[in-house]
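Q: Got a structure here, written out as structure tokens. Questions coming.
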Amino acid sequence: MRSPWRIATAVRHPDGSILVKAFPFISLSKRHRWIALPVVRGVVGLYEALRIGIQSLNWSAEIASEAEEIKPATGWGRLVNVLIMLVAFAMGIGLFMAVPYALAGVPSFSTNQVYFHLLAGCIRILLLIGYMGAISLLPEINQVFRYHGSEHKSIFAFEKKLQLTIENALSQSRFHPRCGTSFLLLAAILTMLGFMLIDSFLVHLLGSYKGVIHRILIHLPLLPLVAGVSYEALRLIERHSDKPAWHPLVLPGFLLQRITTREPSGEQLEVALAALQESLIKEEQSYLGSPRSLPEESYLDSIRKVG
């Protein structure tokens, strides 16, 4: 869980207790004005979310293995993590870019960039839905999706100014308009529309692409722009999500969240609430003074048992 001033991760220890790790955190977009610019803040925010998420998952894996001591990753451990990320990135590019482009590259579609990207975009969205549906069948991922649901329910309880109890959180919806799943769907749609326009211009100016690899190499540097625009679109939709006229834009993300969230148990909500409550604590060093003068989070992180 992340508040404007603090990040907290809660993990259920094999002995039944809950461990919470927390540290002060100020986003880069609040430290530097130029990073707070629209689109740029989305790219940086995505990087921060990925970094924090990977660190949290690695820590939870250490706890699950019943490690008696929490040790920082060694140099080799960091290298392995980087290699895993690179392999995962390459597989993602292969599945969600190369496959749609290859399947859409039939002769009748390849010369018309509008038709090409409509077909490739639909294939990409179907692959995204199919991938999420397939991994949801794995017991471990199903547990992750239940924790995802507990996160949404806990945040709804907080946003409605309810007391942060399991009972109050249980009654909340597991579908949230400000969800990463909705972001992925928006990114897939905007990738289709954005590259449709870009490729129509480039093909008219420079001629046809020489193949799938050529197209991917041109598109890869533009992915941060797509991510930034998707972030701004999600913010706009979330801001107006309670208005009926905006419901058609909210609904696709909610439908996809039916796959990526599950109804959590009381024990899972207890973990989510522990992280949320910890993230809301204001320590003196986390909110006094200029954000630029804050110490690095690594000097302030702490682990404690809360249950």
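The values are calculated or read from the model by the stated rules, or taken from the named source; none is laboratory data. The structure displayed is predicted, hence computed values, not measured ones. Neighbour counts are summed over all protein chains in view; Cβ atoms, including those assigned to glycine, are modelled from backbone coordinates with ideal geometry.
Q: Please enumerate the residues belonging to the range 56-67 that are assigned to a helix (DSSP H, G or I) and without any contact (Cβ under 8 Å) to a residue 24 or more places away in the chain. Steps first, answer last, please.
A: If we filter the range 56-67 for residues that are assigned to a helix (DSSP H, G or I), which is where we start, we get 56-64.
If the condition is that a residue be assigned to a helix (DSSP H, G or I) and without any contact (Cβ under 8 Å) to a residue 24 or more places away in the chain, then LEU57, ASN58, ALA61, GLU62 are the ones that fit.
Q: Assess whether MET85 counts as being at pLDDT below 85 and surrounded by fewer than 16 Cβ atoms within 10 Å (Cβ to Cβ).
A: On the way: at pLDDT below 85: yes; surrounded by fewer than 16 Cβ atoms within 10 Å (Cβ to Cβ): yes.
It is true that MET85 is at pLDDT below 85 and surrounded by fewer than 16 Cβ atoms within 10 Å (Cβ to Cβ).
Q: Confirm whether ILE166 is within 24 Å of ALA102 (Cβ to Cβ) and not acidic (Asp, Glu).
A: On the way: within 24 Å of ALA102 (Cβ to Cβ): no; not acidic (Asp, Glu): yes.
For ILE166, the condition - within 24 Å of ALA102 (Cβ to Cβ) and not acidic (Asp, Glu) - is not met.
Q: Something else now. Tell me, please, whether a residue that is within 18 Å of ALA49 (Cα to Cα) and of a type outside the set (Gly, Ala, Ser) can be found in the range 198-216. Steps first, answer last, please.
A: Taking the range 198-216 first, the residues within 18 Å of ALA49 (Cα to Cα) are none.
Checking the range 198-216: not a single residue is within 18 Å of ALA49 (Cα to Cα) and of a type outside the set (Gly, Ala, Ser).
Q: Of all residues in the range 201-212, which are in contact (Cβ under 8 Å) with a residue 40 or more places away in the chain and part of a helix (DSSP H, G or I)?
A: Scanning the range 201-212 gives VAL203, VAL212.
Q: Would you please list the contacts, defined by Cβ atoms under 8 Å and residues six or more apart or on different chains, that run from a residue in the range 272-291 that is within 27 Å of THR261 (Cα to Cα) and modelled with pLDDT of 90 or more to a residue that is outside any loop (DSSP other than H, G, I, E, B) and acidic (Asp, Glu)?
A: ALA272/GLU151
Q: Output the number of the condition that ALA49 fails; it satisfies all remaining conditions of (1) within 21 Å of VAL229 (Cβ to Cβ); (2) more than 19 Å from the chain's Cα centre (by Cα).
A: Going through (1) within 21 Å of VAL229 (Cβ to Cβ); (2) more than 19 Å from the chain's Cα centre (by Cα) one by one, ALA49 breaks only (2).
Q: Where residues in the range 13-35 are within 21 Å of ALA187 (Cβ to Cβ) and of a type outside the set (Ser, Thr, Tyr), which of them is farthest from the chain's Cα centre (by Cα)? Reasoning before the result, please.
A: Kept after step one, since they are within 21 Å of ALA187 (Cβ to Cβ), are these residues of the range 13-35: 27-29, 35.
Cutting the leftovers down to of a type outside the set (Ser, Thr, Tyr) gives us 28, 35.
Values: LEU28: 17, ILE35: 19 Å.
Only one residue tops the list, namely ILE35.
Q: Among all residue pairs at least 6 apart or on different chains, which show Cβ distances below 7 Å where the first residue, located in the range 19-45, is over 16 Å from GLN55 (Cβ atoms) and touching a residue at least 60 places away in the same chain (Cβ under 8 Å) and the second is of a type in the set (A, V, I, L, M, F, W, C) and part of a loop (DSSP other than H, G, I, E, B)?
A: Partner pairs satisfying both residue conditions: ILE26/TRP5; ILE26/LEU294.
Results for (1) in contact (Cβ under 8 Å) with a residue 60 or more places away in the chain; (2) in a helix (DSSP H, G or I), shown as yes or no for each residue.
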site: GLY133; (1), (2): yes, yes
site: LEU137; (1), (2): no, no
site: ILE141; (1), (2): no, yes
site: HIS148; (1), (2): yes, yes
site: SER154; (1), (2): yes, yes
site: LEU186; (1), (2): yes, yes
site: ASP199; (1), (2): yes, yes
